[in-house]
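Report on the following structure.
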Amino acid sequence: MKIKEYIKPVSIAEAYELCSKGAVAIGGGAFLNLGERVIDQAVDLSGLDLDYIQERDSHIEIGAMATLREIETSSILKENFDGVLSKTAASIMGVQVRNISTIGGSIYGKFGFSDIITILLALDAKVELYHACCMDLESYLNSDMDKDIILKIIIKKNVSHAAFESVRKTETDFSILNAAAALVDGHLRLSIGARPGKAKLARGAIGFLDIVEASEAGTTLAVLASEELQFGSDIRGSEEYRRNLCKTLVKKCVQEVLQ
């Protein structure tokens, strides 16, 4: 990667104006250096007071520049959502990477290998943007808003139980497949990521929850989710292997959430 001009704006408005004209926002920057990309203007967001985790009466707010390490160690997040967001962050790569990677950068990149996107989808997280205001994470992932600035992530305290599972070849490797489930306002949400495409909700599988026996819910939804979503092959695993993993991980998540 090569950066021709580095800019550190003093306001979000300035950062947005630069990005709207083609500059590239730098969150943590952990994965920007993976390729040979040439960036004409890089906009550093680290001085815009977006590094925080705050608890409100009805929800949790996580600033876009909060690192995965801060999410891992946050007492607020350990005490909410069954601590699943902190546990998920703790499983991502090594401490050095978690000290660099930010939640905003993870979402902005829409990375297919992301663990954090998978659990946030299950938790029904919202993304607040500078220009486009607030939208649910699923809509953001399917949008083309690469020039807007992510300000914060909002998660309502309406989650009674949540779980995350993943499989990886080594402890510090990317997930071969990951899955998450959460009870949000009493309704089950189920997401699967690293397929190797970006995480998606298994909406079709959830539609059968009311017509299956509670004792069989995990097994049934696992099979349905593996049939509903598309999987692919890469150096980490084949399509068939991922589809079979999906059945195992989804079953574990659903059983943990519904127990």
*Over the range 2-43, what is the mean sequence separation of C-alpha contacts under 8 Å (at least six apart), divided by residue count, expressed as relative contact order in percent?*
66 percent
*Enumerate the calculated ³J(HN,Hα) couplings along the range 140-150 in order (Karplus 6.51 cos²θ - 1.76 cosθ + 1.60, θ = phi - 60°), each rounded to whole Hz, writing x wherever the residue is Gly or Pro.*
4, 4, 9, 9, 10, 10, 5, 9, 7, 10, 6
*What Kirkwood hydrodynamic radius, in Å, does the range 53-258 give when the mean of 1/r is taken over all pairs of distinct Cα atoms and then inverted?*
16.9 Å
*Report, by chain and number, residues whose modeled amide H sits under 5 Å from the one on Arg168, excluding near sequence neighbours (fewer than 5 apart, same chain).*
Ile176
*Can you tell me the FRET efficiency between Lys169 and Asp136 if r is taken as the Cβ-Cβ distance and R0 is 30 Å, rounded to the nearest 0.05?*
0.40
*In cubic angstrom, how much convex hull volume per residue do the alpha carbon atoms of the range 2-43 span?*
62 Å³
*Contour minus end-to-end for Asp57 and Thr248, with contour as 0.36 nm per residue of separation and end-to-end as the Cα-Cα distance?*
65.1 nm
*How much length is gained if the chain between Glu240 and Glu227 is pulled fully straight, taking 0.36 nm per residue apart and subtracting their Cα-Cα distance, in nm to one decimal?*
3.6 nm
_Spin-label model distance (nm) - Val95 vs Ser160, 7 Å beyond Cα toward Cβ_ = 3.8 nm
*Extension gain from Glu14 to Lys78, taking 0.36 nm per residue of separation minus the Cα-Cα distance*: 19.6 nm
*Of Ile53, Ile176, Ile39, which is the most mobile in a GNM of the chain whose springs link Cα atoms less than 10 angstrom apart?*
Ile39
*Packing-based exposure ordering (other Cβ within 10 Å, fewest first) of Ser114, Ser86*: Ser86, Ser114
*List the lysines whose alpha-carbon lies under 29 Å from that of Lys200, not counting same-chain residues fewer than 8 positions away?*
Lys78, Lys87, Lys110, Lys126, Lys147, Lys152, Lys156, Lys157, Lys169, Lys247, Lys251, Lys252
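FYI, it's all coordinate maths here, none of it is from the lab. Since the structure is predicted, the reported quantities are computational estimates derived from the model, not experimental observations. Methodologically, a virtual Cβ is constructed for each residue, glycine included, from the backbone with ideal geometry; neighbour enumeration extends over all protein chains shown.
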